[in-house]
Each structure stands twice: as structure tokens, then as C-alpha cells.
């Protein structure tokens, strides 16, 4: 395993170990909440490996969540008292695409996949990272899409959508994506990334379950 992949894994594992206790204290349904908590950790850590353009709105770094209250609640615990990109960070729940506001990240939950196209339309040509949890999510406008493989949360990335939004994604993050769209190829499978992700997500699930 090379240094960058090991470094990424260590950073995410460190975040989980530091932040898991307050999240777990709120869990009433451990299995379901575990998936929400894992996604929340990823959403938080994604921001450290993505560069937003200098023209992005200033003020608080906001993450909007549509149709995933468990993820939003877990993010609320993770972000309490923390900053992202040297800006105070917070999360808020939205009920429709028009409520996105100045969010830098928008997460569309699995039970609101029909709204993904509307979110993509509202965010068109704006520096917004759209993250989804649906089959074919990248084709419907998201930049990052969570997928479940062997009951573990992993993710795929669309460089086409990232370029459209003016976002630059670190090669460290791309190295652990299960699939990459764009960037000179229609689809680039990452078998090495799958192995790293399997070990990483397995550890995350061991912590949260």
C-alpha cells in the first residue's frame, strides 16, 4: 500500500476514533445509524480532499441534507465546534432543491433520489459538491455517489461533474474510489482502491456497530 493511501486511511480512521463516541451515544437503531454515521464521516472527510474555487461564497461552510435526517444528525455531532476550510461549519436539512442556498455540499438521501436531477439543475455551474446514494447517481448529476458493496459503504466519483462545478479532487481521494467517470475515460475501475476501501470501511463498520 503506498504512502498516500495509507495516509488517507489513517486520517479517516483517526476522525472516526475521535468522533464516534458522541454519535454512538445518540444511536437507537445501531445497524441503521451505523450506515448514516459512516456516510456522515465520509461527507466531513471529503471536504479535506476537495478544493473549491476562490470565487465560492464566504461565510460559514454549509452542508445541506435532503431526505436523510440520520446523516444530518450525525453530521451535526461531527461538525459541532469545528471548521472546514477555516470557516465555521454547520449542517442544515432542506425539503426541496430551491432551499440549497449557499451550501458548499449537498447530500441527497436514498429516499429522495427523484430530487437529484432538480438539485443538479439548481446547482448547475455553481461550486457545489453534490453527493448521492442511488444507483446511477453519477449519471443523474452527482459528483460523488455512495454505493453499498458487500454491505459496506463505498463511493464512486464523476470528474466530469467536478469539473463542471469548478471543484478539484485530490488524487488521494480518487485512489480509494471504486469507480471514476470522466477525466479522459468514460469509466476507470480502481481495483487497488477497492481493496483499500474494503479494509477502511470494514474498520469503520467495526467501530460503529
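The values are calculated or read from the model by the stated rules, or taken from the named source; none is laboratory data. As the structure is a computational prediction, the values presented were derived from the model and not from experiment. Cβ: placed from backbone, ideal geometry, glycine included. Neighbour counts: every protein chain shown.
In the condition set (1) within 16 Å of the chain's Cα centre (by Cα); (2) modelled with pLDDT under 95; (3) closer than 19 Å to residue 49 by Cβ; (4) assigned to a strand (DSSP E or B), residue 188 is compliant with all but (1).
With respect to the conditions (1) part of a loop (DSSP other than H, G, I, E, B); (2) modelled with pLDDT of 95 or more, residue 54 falls short on a single one, namely (2).
Quick grid of which residues meet (1) surrounded by fewer than 21 Cβ atoms within 10 Å (Cβ to Cβ); (2) touching a residue at least 24 places away in the same chain (Cβ under 8 Å); (3) part of a helix (DSSP H, G or I); (4) under 13 Å from the mean Cα position of the chain (by Cα):
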residue: 126; (1), (2), (3), (4): yes, yes, no, no
residue: 130; (1), (2), (3), (4): no, yes, no, yes
residue: 136; (1), (2), (3), (4): yes, no, no, no
residue: 142; (1), (2), (3), (4): no, yes, no, yes
residue: 147; (1), (2), (3), (4): yes, yes, no, yes
residue: 154; (1), (2), (3), (4): no, yes, no, yes
residue: 164; (1), (2), (3), (4): yes, yes, yes, no
residue: 172; (1), (2), (3), (4): yes, yes, yes, no
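Look at (1) over 21 Å from residue 163 (Cβ atoms); (2) part of a helix (DSSP H, G or I); (3) touching a strand residue (DSSP E or B) at 6+ places or on another chain (Cβ under 7 Å) and you find that residue 93 fails only one, number (2).
Could you grab me the full set of residues in the range 110-124 that are assigned to a loop (DSSP other than H, G, I, E, B) and surrounded by 21 or more Cβ atoms within 10 Å (Cβ to Cβ)?
Scanning the range 110-124 gives a single hit, 123.
Test residue 41 against the criterion of being modelled with pLDDT of 95 or more, surrounded by 17 or more Cβ atoms within 10 Å (Cβ to Cβ) and not in a loop (DSSP other than H, G, I, E, B), and give yes or no. So residue 41 does not fit the description; no. The lone criterion from (1) modelled with pLDDT under 90; (2) in a helix (DSSP H, G or I) left unmet by residue 75 is number (1).
So how many residues does the range 78-90 have that are buried (at least 16 other Cβ atoms within 10 Å of the Cβ) and not in a strand (DSSP E or B)? Qualifying residue count, the range 78-90: 2.
Please state which of the following conditions residue 112 fails to meet, knowing it meets all the rest: (1) under 17 Å from the mean Cα position of the chain (by Cα); (2) modelled with pLDDT of 90 or more. Of the numbered conditions (1) under 17 Å from the mean Cα position of the chain (by Cα); (2) modelled with pLDDT of 90 or more, the odd one out for residue 112 is (2).
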